[in-house]
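The values are calculated or read from the model by the stated rules, or taken from the named source; none is laboratory data. The structure displayed is predicted, hence computed values, not measured ones. Here the Cβ positions follow ideal geometry from the backbone for every residue, glycine too, while neighbour counts run over all protein chains shown. Accessible surface areas use protein heavy atoms only, side chains included; no ligands, DNA or RNA. Shrake-Rupley method; radii C 1.70, N 1.55, O 1.52, S 1.80 Å.
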Amino acid sequence: MTDAKADQYYYIFDSRTHRPLVLDRATGEHYASGSDPRGPLIEHVSARRGPEVLRRFARWCARQVDPSAASAHTAAGRLWAAAQRDAPEAWQRVRHETADAALLAMSLGLPQREPPAARLLTLQACTHPEAQQAARDAAHMSERWAEFSASSASAEEAEAMRARHVDWLLDRVSTP
């Protein structure tokens, strides 16, 4: 089974960190980011360019999921507004206030392959206080959004999104 499909994973909401934990369905273990080409690349970009570039990557991932489709008064809209600012205290507050919406998106929306659920979780990922985790989660959830939004050949759309992620990260490594 390709890892470019949501069927590969179980999602469990971690109420302490207010984020979904991704478990591999085949092994039951936490999804190994080392098996994803983006994991080591994200670490390399962080080492070479710093966490601010990873934060920009997480926001770029969020822009790929059409955040303007979410009303400003919804949880997704509030998360996107917070993610665009460099204000960790606002991120923490909004993550806490929207935790129930993220839980519902993860537990009900993802299993039903709903693009708005993947959008909300992508936007929520941008507000994670650790830039590497924000980048990993935003990449994973934006890939799910591409998969769920595709009219057909969803694995191909997810793989194309993953390729765009890798291209973006490689571009940042090669430019000063």
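Only a single item in (1) under 16 Å from Arg19 (Cα atoms); (2) touching a Ser or Thr at 6+ places or on another chain (Cβ under 9 Å); (3) open to solvent by 40 Å² or more (accessible area, probe 1.4 Å) is not met by Thr122, and it is number (3). Quick check on the range 113-122. Is at least one of its residues among the polar types (S, T, N, Q) and touching a residue at least 24 places away in the same chain (Cβ under 8 Å)? Checking the range 113-122: at least one residue is among the polar types (S, T, N, Q) and touching a residue at least 24 places away in the same chain (Cβ under 8 Å). When the residues of the range 43-62 are narrowed to those that are of a type in the set (Lys, Arg) and more than 13 Å from Leu121 (Cα to Cα), which ends up surrounded by the most Cβ atoms within 10 Å (Cβ to Cβ)? Result: Arg55.
Look at Trp145 and say whether it is touching a Pro at 6+ places or on another chain (Cβ under 9 Å), open to solvent by 10 Å² or more (accessible area, probe 1.4 Å), farther than 20 Å from Ile12 by Cα and not in a loop (DSSP other than H, G, I, E, B). No, not satisfied.
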